[in-house]
Amino acid sequence: MTDLREALDRLLEPVPPKRLAESVQRLIADYRSGRPADEPLIRNMVDATAYAAYRMPATHAAVEAVLAQLGERVDPRSILDVGGGSGAATWAALERFPGIQEMTVLDQVPEALKLGQRMLPRATWQEWHLGEPLSTVDMVLVSYVLGELTEDAQRDLVEAAGAAAEQAVVIVEPGTPLGYRRILEARDRLIAGGWTVAAPCPHQQACGMTGKDWCHFTARINRSALHRRLKSAELGYEDEKFSYVAVTKDVAATKDVAVTNEQGRVVRHPAFRKGLVTLQVCNPDTTVGPTLVSKREGPRYKQARDAQWGDEWPQPSE
Ligand SMILES: C[S@@+](CC[C@H](N)C(=O)[O-])C[C@H]1O[C@@H](n2cnc3c(N)ncnc32)[C@H](O)[C@@H]1O
């Protein structure tokens, strides 16, 4: 992340902050509207720079948190970052999997690609429009893209990603009820295509979250001074909420095996009361509910005290 921060700082230096701030405000409004875009939201170099300045640290942090949950399940040498913009997901993948040798970022906006290339010249930056073929790679990343597409286009892209990947597909969306819905659709489609859910779900069956709840997680990002100024924000940090699905081709799990992970997943911030930790857990049997761990349980209590939203529960033994 330090490297990305430094690369971003160098990039932003020559751009007048006032122009950046105007672009940021427009992009925030466009993204918040939640409508699929008829035309690219990023229209020029200032927009691309504004997006990089105010969103890249957050989307990077979300993808970083997601890839951490894949653990040792994959070891990609080649990746495609589809709708990759200026490459936030590629940065996260490179940090997590230093064995990556070939990385290609595909996007419809040449300015975003140009900007990304300035920060990470060793990647291949290629103009690409939805519907054009994807080459075969180990891992395909689709980070914060589905929300810009119609439902049909989302379906086509998820299928294309599933067909292009040999080890893993990772899809990340904003952690909103709508983002979660899109993730559920993508998850169904990937499972139907023979993929195994590696995270966040410990099973392949229908999501056990009911009512108004939706599955999402959070990543904390420290804001730089410029970041704070661009967003007119006071706090020195922000919490990026995201929903995701990561699928792999595990040998151990096949389509017929419903439970893909013996560990559950913590799906809320743990609650602490004196001598008692309450974890909201999505369990391998598809239930989602509270797990109470009391101080009397010794090592298990210690584990529960350290558990964080998004972690597996119980923590897998080393
Ligand atoms: C919200 S940005 C996400 C960028 C990057 N993946 C990230 O996580 O920061 C969505 C990206 O998807 C790209 N995109 C949207 N629709 C597309 C399409 N039809 N063809 C190609 N790229 C598209 C946009 O140009 C934009 O760069």
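Every number in this text was worked out from the coordinates using simple rules, so none of it is lab data. All values derive from a computational prediction rather than experimental measurement. Glycine also receives a Cβ, built like all others from the backbone with ideal geometry; neighbour counts cover every protein chain displayed.
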Notebook entry, point to check: When you count, for each residue, the other Cβ atoms within 10 Å and take the mean per peptide, how do 102-110, 82-90, 187-195 rank with the highest first?
Noted result: 82-90, 102-110, 187-195
Note to self: Taking a ≥ b ≥ c as the square roots of the Cα gyration tensor eigenvalues, with a/c under 1.5 meaning rounded and otherwise prolate when a/b beats b/c, else oblate, which class fits segment 180-318?
What the structure shows: oblate
Notebook entry, point to check: What list do you get for 47, 156 if you sort them by fewest beta carbons within 10 Å?
Noted result: 156, 47
Next item on the list: Find out how many positive minus negative residues lie around residue 126, taking Lys and Arg as positive, Asp and Glu as negative, among other residues whose Cβ is under 15 Å from that of residue 126.
Entry: -4
Note to self: Just to check I understand the Karplus step: with θ = phi - 60° and J = 6.51 cos²θ - 1.76 cosθ + 1.60, what whole-Hz values come out for segment 169-186, glycine and proline as x?
What the structure shows: 10, 10, 10, 10, 9, x, x, 10, x, 5, x, 4, 4, 5, 5, 4, 4, 5
Check: Roughly how big is segment 131-227's charge dipole about its Cα centre, with Cβ charges of +1 (Lys, Arg) and -1 (Asp, Glu), in debye to the nearest 20?
Finding: 520 debye
Item checked: Overall form of segment 1-66 per C-alpha gyration tensor (a/c, 1.5; a/b vs b/c) -> oblate
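Starting with the fewest neighbours, write out 248, 49 ranked by other beta-carbon atoms found within 10 Å of each beta-carbon.
Numbers: 248 21, 49 24.
Fewest to most other Cβ atoms nearby, the residues stand as 248, 49.
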Next item on the list: Only helical DSSP H runs with n ≥ 4 go in: add -39500 (n - 2.57) per run for the chain, normalise by residue count and round the 222 nm mean residue ellipticity to 500 deg cm²/dmol.
Entry: -11000 deg cm²/dmol
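Please compute the length gained on full extension between residue 273 and residue 43, using 0.36 nm multiplied by the number of residues separating them and subtracting their Cα-Cα distance. Present the calculation step by step, with values, prior to reporting the outcome.
Numbers: separation 230, 0.36 × 230 = 82.80 nm, distance 5.02 nm.
Length difference between fully extended and current span is 77.8 nm.
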Check: Roughly how many Å is it from the Cα centre of segment 229-249 to that of segment 119-185, as a whole number?
Finding: 18 Å
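How big is the antiparallel share of DSSP beta bridges in the chain, given as a percent to the nearest 5? Can you show the working numbers first?
On the way: 31 of 49 bridges.
The antiparallel proportion sits near 65 percent.
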Next item on the list: Enter the angle in degrees (range 0 to 90, nearest 10) between the Cα long axis of helix 110-119 and the first principal axis of the Cα atoms of the chain, meaning the one along which they spread out most.
Entry: 70 degrees
Next item on the list: For the chain, set up a Gaussian network in which alpha carbons nearer than 10 Å are linked by springs, and say which option among 63, 46, 197 fluctuates the most.
Entry: 46
Checklist line | Mean separation of Cα contacts under 8 Å, 6 or more apart, over the residue count of segment 2-248: relative contact order % | finding: 20 percent
Notebook entry, point to check: Cα gyration tensor of segment 264-313, axes a ≥ b ≥ c as square roots of the eigenvalues: rounded (a/c below 1.5), prolate (a/b > b/c) or oblate?
Noted result: prolate
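Suppose the chain between residue 6 and residue 210 were pulled fully straight at 0.36 nm per residue; how much longer would it get relative to their current alpha carbon spacing?
Details: separation 204, 0.36 × 204 = 73.44 nm, distance 4.23 nm.
Extra length available between residue 6 and residue 210 comes to 69.2 nm.
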Item checked: Backbone HN-Hα couplings from phi across segment 279-290 [Karplus 6.51/-1.76/1.60, Hz, Gly and Pro as x] -> 10, 8, 10, 8, 9, x, 7, 6, 6, 10, x, x
Margin query: I need 100, 183 ordered by Cβ neighbour count within 10 Å, fewest first.
Written below: 100, 183
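Which order do peptides 22-30, 129-137 fall in by mean Cβ count within 10 Å, highest first? If you can, show how the numbers build up before the last one.
Working: 22-30: 16.4, 129-137: 12.9.
Per-residue Cβ counts within 10 Å, averaged per peptide and sorted highest first, yield 22-30, 129-137.
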Notebook entry, point to check: Separation between the residue 232 and residue 295 pseudo-spin-labels, each 7 Å from Cα along Cα→Cβ, expressed in nm?
Noted result: 4.8 nm
Next item on the list: Give the calculated FRET efficiency between residue 239 and residue 136 to the nearest 0.05, with a Förster radius of 41 Å applied to their Cβ-Cβ distance.
Entry: 0.70
Notebook entry, point to check: Among the lysines, which have Cα under 24 Å from the Cα of residue 212 when same-chain residues fewer than 8 positions away are ignored?
Noted result: 241
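If you take every residue apart from residue 99 with its C-beta less than 15 Å away from the C-beta of residue 99, what net charge results, scoring Lys and Arg +1 and Asp and Glu -1?
Working: positive: 73, 77, 96, 122; negative: 72, 75, 95, 102, 138, 166.
Neighbour charge sum, excluding residue 99 itself: -2.
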Next item on the list: Express in whole angstrom the spacing between the alpha-carbon centres of segment 77-96 and segment 257-301.
Entry: 32 Å
